[in-house]
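The structure appears below as structure tokens.
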């Protein structure tokens with residue numbers, strides 16, 4: 001996919017519209033429809049997730065490497081999870097700009113030839129971190145349980 005390709009330009013337009021089309025007057029803070037639509041309770045974040053999924057699908061159809069796709073999925077999932085938290089998620093959407101991050105990855109991949117190779121170099125460390133995180137959460141839950149119920153006669 002060349003940088004002048006019509007769909008590439010269209011995706012750039014949509015990513016900017018979703019993440020940074022508008023500016024808060026008197027500041028350098030930019031936001032897009034992602035932050036605005038995300039204010040709609042229940043379905044707003046799902047609608048913005050659909051655009052991100054479309055961008056990912058376009059990359060996959062055009063032969064993006066597993067590594068760049070894994071990085072994009074990470075951005076999308078992080079945006080969806082944190083973005084779904086009321087108010088905090090909307091502030092996160094203004095700051096994180098997942099779609100523009102993914103467009104930057106797309107440009108770097110197709111134009112500069114970066115982010116080649118397998119997703120394993122991203123997935124393995126992520127799974128190790130996730131395993132460690134889950135282990136720590138289980139241990140902390142156990143310690144909290146012992147602390148709360150120690151000495152209580154049930």
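As a footprinting exposure proxy, order 107, 150 by other Cβ within 10 Å, with the fewest listed first. Don't jump to the answer; show the numbers that get you there.
On the way: 107 14, 150 7.
So the ranking, lowest neighbour count to highest, is 150, 107.
Expressed as cubic angstrom per residue, what is the convex hull volume of the alpha carbon set of the chain?
160
What FRET efficiency comes out for the pair residue 39/residue 13, r = Cβ-Cβ distance, R0 = 30 Å, nearest 0.05? Please report the intermediate quantities before stating the final value.
On the way: r = 22 Å, r/R0 = 0.75.
Efficiency for this residue pair is about 0.85.
Springs between alpha-carbon pairs under 10 angstrom, Gaussian network model over the chain: which of 58, 27, 48 fluctuates most?
Per the Cα network of the chain with a 10 Å cutoff, 27 tops the list.
When the chain is modelled as a GNM with alpha-carbon springs shorter than 10 Å, which of 16, 61, 97 fluctuates the most?
Highest fluctuation of the listed residues: 61.
Full extension from residue 140 to residue 60: what is 0.36 nm times the residue separation minus their Cα-Cα distance, to one decimal in nm?
The span from residue 140 to residue 60 would gain 24.9 nm if fully extended.
If you fit an axis through the alpha-carbon atoms of helix 44-61 and take the longest principal axis of the Cα set of the chain, what angle between them do you get, 0 to 90°, nearest 10?
Rounded to the nearest ten degrees, it is 60.
Calculate how steeply helix 98-110 sits against the longest principal axis of the alpha-carbon atoms of the chain, using the helix alpha-carbon long axis, and give the answer as 0 to 90 degrees to the nearest 10.
That works out to roughly 60 degrees.
Helix-only mean residue ellipticity at 222 nm, the chain, DSSP H runs n ≥ 4 weighted -39,500 (n - 2.57), per residue, nearest 500. What is it? Don't skip to the answer; put the middle values down first.
On the way: 7 runs with 107 residues, N = 154.
Dividing the helical sum by the residues of the chain leaves -23000 deg cm²/dmol.
Say we join alpha carbon atoms closer than 10 Å with springs in a Gaussian network model of the chain; which of 36, 73, 24 then has the biggest fluctuation?
Looking only at 36, 73, 24, the largest GNM fluctuation is found for 24.
Express in nm, to one decimal, how much length is gained between residue 95 and residue 128 on full extension, taking 0.36 nm for each residue of separation and deducting their alpha carbon distance.
Extra length available between residue 95 and residue 128 comes to 9.2 nm.
Return one number: the angle in degrees, 0 to 90 and rounded to the nearest 10, between the long axis of the Cα atoms of helix 120-149 and the longest principal axis of the Cα atoms of the chain.
Roughly 30 degrees, rounded to the nearest 10.
Relative contact order for the chain: what is it in percent, counting Cα pairs under 8 Å that are at least 6 residues apart?
Computed over the chain, the figure is 24 percent.
Read the figures in this text as sums done on the coordinates, not as results from a lab. On a predicted model such as this, the values are computed, not experimentally measured, just so you know. Here Cβ is always computed from backbone atoms with ideal geometry, including for glycine, and neighbour counts include all displayed protein chains.
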